[in-house]
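Below: one structure, written as structure tokens.
The values are calculated or read from the model by the stated rules, or taken from the named source; none is laboratory data. Quantities reported herein were computed from a predicted structural model and do not represent experimental measurements. Glycine also receives a Cβ, built like all others from the backbone with ideal geometry; neighbour counts cover every protein chain displayed. With ligands, DNA and RNA removed, areas are computed over all heavy atoms of the protein, side chains included. Shrake-Rupley method; radii C 1.70, N 1.55, O 1.52, S 1.80 Å.
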Amino acid sequence: MATPALGARVVFKSILLLKDFSEPSESALPFAIGIARAYGAKLHATHILLPAPGAYLTPEATVAALESEEERAQDAMRQLEAHLSGLPFDTAIERDVAVWPAIEQAISADRVDLLVLGTHGRTGAQKLLLGSVAEEIFRRAEVPVLTIRPHVRSSSHTDARFRRILFATDFSTHSLAAWPHAVTLAQDNQALV
């Protein structure tokens, strides 16, 4: 990703929305839609099917579980498509053993310049045992990542307007690369940074 100059205005053209159809994932939807509308960006909604540990005891049970998961994901994606009408968009269901390889491929293939996802907000032992998908994405993504925490009141954010934007930095080159994105969003939303 080319790093914009500190004063440069950023335009989002391709947004990747990660969907797992959980409450936090649903909270991220209005933000992704609002940003896509505001910038005329194409929205790529992707759901990644991961194998459930210990769920597959026999080959027959494995096939049945995989088919059931795929069916549920397809139904959920059809419902999502109704929310995306009026936007340029595509949807994808990817099957992988880990989240990052599918995300990395989508970022490259779709020339994504913003990644949006909901976080589950796990901390402590839960995070240690279950890991953090969002944290892995932060560490690996070379594009800006917008995360929406659990319990964000989506009804008050249906137009994806931001009132306050927190820009966390350690003043490294990588950290400062996000500054133009934060400033652009703040200016476009009359928000405080």
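Each Lys or Arg adds one and each Asp or Glu subtracts one; over the other residues with Cβ under 10 Å from the Cβ of Ile103, this totals -3.
Between the amide H of Val116 and those of Leu16, Leu17, Leu18, Leu146, distances stay under 5 Å, these residues lying 5 or more places away or on another chain, with hydrogens modeled in the peptide plane. Each of Arg72, Arg140, Arg161 has its accessible area taken with a 1.4 Å probe; listed largest first, they run Arg72, Arg140, Arg161.
Within the shell defined by Cβ-Cβ distances under 14 Å, the residues around Val145 carry a net charge of -2, with Lys and Arg each +1 and Asp and Glu each -1.
Here the Karplus curve 6.51 cos²θ - 1.76 cosθ + 1.60, taken at θ = phi - 60°, turns the phi angles of segment 140-148 into couplings of 9, 5, 9, 10, x, 10, 9, 10, 10 Hz, with x standing for Gly and Pro. Within segment 65-108, name every residue whose backbone N is under 20 Å away from a label modeled 7 Å from Cα of Leu57 along the Cβ vector. Under cut-off, by backbone N: 65-69. In a fully extended conformation the segment linking Ser175 and Arg78 would gain 31.2 nm over its present Cα-Cα distance, using 0.36 nm per residue. Amide H contacts of Val193 (H built 1.01 Å from N, in plane; Pro and chain starts excluded): Ile165 sit under 5 Å, all sequence-distant by 5 or more or on other chains. Taking each residue as 0.36 nm, the span from Arg163 to Val11 lengthens on full extension beyond its C-alpha to C-alpha distance by 52.8 nm.
Calculated FRET efficiency, Ala38 to Arg149, Cβ-Cβ distance, R0 = 25 Å: about 0.75 to the nearest 0.05. The stretch between Ala65 and Val193 holds 41.5 nm of extra length on full extension. This uses 0.36 nm per residue minus the Cα-Cα distance.
Ordering of 58-64, 177-183, 42-48 by packing is 42-48, 177-183, 58-64, highest average first (other Cβ atoms within 10 Å, averaged per residue).
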